[in-house]
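Some notes on the structure that comes next.
Read-outs throughout are calculated quantities, based only on the coordinates presented, and are distinct from any laboratory measurement. Given the structure is predicted, the values throughout are model-derived calculations rather than measurements. Here the Cβ positions follow ideal geometry from the backbone for every residue, glycine too, while neighbour counts run over all protein chains shown.
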Amino acid sequence: MNKIFNIKNLVRSNVQKLKPYSSARDEYKANGTDMVFLDANENPFKNGVNRYPDPQQRDLKLALAKLKNLKPEQVLLGNGSDEVLDLIFRAFCEPQIDNILTLPPTYGMYNVLAGINNVENKEVLLTVDYELDIKSILNAVTETTKLIFICNPNNPTGNAFDARSIKTLIENFNGIVVIDEAYIDFSSYESWINFLDIYPNIIIIQTLSKAYGMAGVRLGVCYASAEIITVLNKIKPPYNVNELTQQKALERVLKVDEVFTEVETIIIEREKLIENLQEVSFIETIFETETNFILVKLDNATKRYHQLLEKGIVIRNRTNQPLCENTLRFTVGTEQENEKLIKALQALDN
């Protein structure tokens with residue numbers, strides 16, 4: 001990097017001064033004995049959820065840290081990835097002063113969260129081939145640019161970016177590079193988690209919504225240096241991950257072989273779906289994908305979207321996104337669901 005990275009230079013001054021709220025369960029540390037809990041004004045009658053959840057989600061963090069070969073203090077959990085992303089904004093971006101960079105077409109919540117936090121979002125479009133425009137990105141950086149958001153593999157395009165391009169941004173930007181790896185489990189590319197010890201200015205976002213099949217429990221995961229995690233812990237709500245989510249997520253994380261098997265099945269189905277989509281005449285381009293979805297360019301996205309809706313198939317129309325005119329996004333479903341999609345498309349092709 002151009003300068004020695006110092007997290008204190010990026011954290012908002014009010015956050016640095018903030019004394020975080022200390023919940024009853026933050027103050028108490030389990031010692032293995034059977035305790036009588038009269039500290040948190042809870043209902044004492046047991047029903048499985050009458051007690052507040054562990055505010056630091058210790059068991060779940062320990063399991064995830066072991067899975068990723070990290071330390072628990074490098075892990076922060078949120079009520080979905082969107083809460084984690086929002087915490088990053090609130091920790092590092094001064095409203096009406098600082099700015100961020102996003103790289104459309106990309107995940108839309110970055111822009112929404114910038115608006116919520118009153119932070120300028122400077123957009124630098126990908127190239128026409130959906131690659132990072134490194135020169136334009138670095139030229140857009142100013143003294144008040146705190147964050148660059150990279151969705152990798154990218155949504156909605158599906159491709160993963162060249163590691164050398166991301167490395168160039170990390171090494172030439174004095175702010176924080178947030179790498180959103182929601183789809184990394186479906187990719188042949190290496191996770192940037194493996195480089196946390198080399199680059200202190202990166203934050204990795206992952207989720208249990210995709211590969212782990214737990215979109216309904218809302219659990220996002222942030223991996224970063226212990227220093228960055230400490231900052232985010234200061235401002236997170238005390239009980240942001242509920243007890244039921246912690247229990248179900250831990251069960252799933254401990255069944256990692258089952259998850260890997262499902263991921264392998266989705267990848268096989270993805271390749272079969274791509275082969276079948278190549279036979280549909282009104283599909284002009286099938287974009288390369290490292291995710292559990294496929295972006296295609298066709299003759300009339302809005303028309304085809306509504307035709308599929310009439311056949312009971314819900315897909316995503318991405319034609320309103322930059323560089324995505326007349327594109328539809330197909331999530332890879334079960335074998336039966338994919339067959340239904342192909343039959344519907346073939347019927348429209350006649």
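Could you calculate the contour length gain from THR302 to LYS46, that is, 0.36 nm times the residue separation minus the distance between their Cα atoms, to one decimal place in nm?
Full extension from THR302 to LYS46 adds 86.9 nm.
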Connecting every pair of Cα atoms under 10 Å apart in the chain and solving the GNM, the largest mean-square fluctuation among ASN50, ASN276, ASN117 falls on ASN50
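How big is D for the chain, in µm² s⁻¹ as a whole number, if Stokes-Einstein is applied with the Kirkwood radius of its Cα pairs at 10 °C and 1.306 mPa s?
Approximately 72 µm²/s, per Stokes-Einstein.
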Relative to the longest principal Cα axis of the chain, at what angle does helix 163-172 sit, 0 to 90 degrees, rounded to 10?
40
Quick one: helix 81-92 against the long Cα principal axis of the chain, what's the angle to the nearest 10°, folded into 0 to 90?
60
Listed peptides 118-131, 166-179, 302-315 by packing density, highest first (mean Cβ within 10 Å):
166-179, 118-131, 302-315
Positive minus negative residues near GLU190 (Lys, Arg vs Asp, Glu; Cβ under 14 Å)
-1
Residue-count net charge about GLU251 - beta-carbon cut-off 14 Å; Lys, Arg +1, Asp, Glu -1
-1
Please determine, in degrees from 0 to 90 and to the nearest 10, the orientation of helix 256-277 with respect to the longest principal axis defined by the Cα atoms of the chain, where the helix direction is its Cα long axis.
20
When the chain is modelled as a GNM with alpha-carbon springs shorter than 10 Å, which of THR261, THR102, THR327 fluctuates the most?
THR261
What is the packing order of peptides 188-199, 209-220, taking the mean over residues of other C-beta atoms within 10 Å and listing the highest first?
209-220, 188-199
Roughly how many nanometres apart are two label points built 7 Å out from the Cα toward the Cβ at LYS343 and PHE260?
3.5
Residues whose built amide H sits under 5 Å from the amide H of VAL332, excluding neighbours closer than 5 in sequence, are PHE293, ILE294
